[in-house]
Amino acid sequence: MSDSLKDILGSSNKDIDNQKLMDYLSHRLSKQDSHDIEKMMADDDLLNDAVEGLEQFKSKKDMAEYVEQLNNHLQKKIIKKNQRKKKEN
Amino acid sequence: MNGIKYNHISDTELLEHFYIDHNNEWLGVLLQRYTLLLLGVCMKYLKNEEQAKDCVQQIFEKTIKELQKYKVDYFKSWIYMVAKNHCLMQLREKGKYTTELNENIIVPLEDAPEKNSFIQKDKQLDNVAVALQQLNKEQQQCVTLFFLEKKSYQEIASITGYSILQVKSHLQNGKRNLKLLIEKMSKEK
């Protein structure tokens, strides 16, 4: 499972795709797609708060970098925890 | 970034897998779906990029710990609540805490929206048109442009002359008032 873990990052079917959200924040989406996201925001407090916060990042590149760092750190942590568990067993 | 491998698996299913074999990798998959969103939420409350990043890391650790202990049914609402409360704690520690934040930030875990039946929604639709007429002018205008004419925030701002922030707030208040009006109507019936 661990190799394929890198593939993910994406979205569950009904929720917003992370890449799409990044594109929205960088104003790279069509009018229709932007509206779709804004419509989701109106129904989704988490997404609404998130966009409000993400818009405050000075550089969208830094923002993407933070996300990657956080995911890498999480991944390492989880592998460590699983190894510890195996030893205990 | 567009992995497809697990896209067909819902949050709930990922959690179910985890509760069966207690392999933390399922949580890794699940949490990474929320990294960007959580970063945004933390940034909204903490208003500092580095602090927001650290905060997400702490939320991840907390989440992994808590999920070993008990079963969570609606992951999305749950992690949103965990994140908001964690931000509040941080603000409190730094002494930036205000009552205004307290009122808005702590949310009780509500029933998931999925619980609303479609039939009920259908009935409500009839009431929406009536309720829409009862909103104030600004809210009515924004709600109509957004939901019925499918304009973006930017477009609504240009049409009405409101700022984007005002548009957002008219929309949110308008939606909330609509809900209240509709609830009132269905009770009266």
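Just so you know, all these numbers are worked out from the coordinates, no wet-lab data involved. It should be emphasised that the depicted structure is a prediction, and the values quoted were computed from it without experimental measurement. Counting neighbours? That spans all protein chains shown, and the Cβs are built from the backbone with ideal geometry, glycine included.
If you average the C-alpha positions of the stretch B:1-64 and of the stretch A:13-67 separately, how far apart do those two centres end up, in angstrom?
Distance between centres, Cα-based: 16 Å.
Give me the net charge of residue A:33's neighbourhood, meaning all other residues with Cβ under 12 Å from the Cβ of residue A:33; Lys, Arg count +1, Asp, Glu -1. Numbers along the way, then the final one.
Values: positive: A:20, A:28, A:31, A:39, B:150; negative: A:17, A:23, A:36, A:38.
After counting each charged neighbour, the total is +1.
Could you derive backbone 3J(HN,Hα) for the stretch B:36-43 from the dihedral phi with the Karplus parameters 6.51, -1.76 and 1.60 (θ = phi - 60°), listing whole Hz in sequence and x where the residue is Gly or Pro?
After applying 6.51 cos²θ - 1.76 cosθ + 1.60, I find 4, 5, 5, 4, x, 4, 5, 5 Hz.
Among the listed pairs A:20/B:47; A:61/B:150; B:44/B:84; A:81/B:65; A:80/B:71; B:65/B:94, which are separated by more than 18 Å between their Cα atoms? Don't jump to the answer; show the numbers that get you there.
Working: A:20/B:47 23 Å; A:61/B:150 30 Å; B:44/B:84 10 Å; A:81/B:65 11 Å; A:80/B:71 23 Å; B:65/B:94 25 Å.
Flagged as over cut-off: A:20/B:47; A:61/B:150; A:80/B:71; B:65/B:94.
Could you work out, residue by residue across A:37-48, how many beta carbons of other chains sit within 10 Å of that residue's beta carbon, and then give the average as an integer? The partial results should precede the final answer.
Working: counts 1, 10, 4, 0, 4, 8, 2, 4, 7, 12, 5, 5.
So the per-residue partner count for this stretch is 5.
Count, for each residue of B:155-168, the Cβ atoms from other chains sitting within 10 Å of its Cβ, then give me the mean as a whole number. Present the calculation step by step, with values, prior to reporting the outcome.
Working: counts 3, 1, 0, 0, 0, 0, 0, 0, 0, 1, 1, 0, 1, 6.
So the per-residue partner count for this stretch is 1.
Inside 10 Å of the C-beta atoms of A:74-83, what's the mean count of C-beta atoms belonging to other chains?
Details: counts 12, 4, 1, 6, 10, 3, 1, 7, 5, 0.
Mean number of neighbouring Cβ atoms from other chains: 5.
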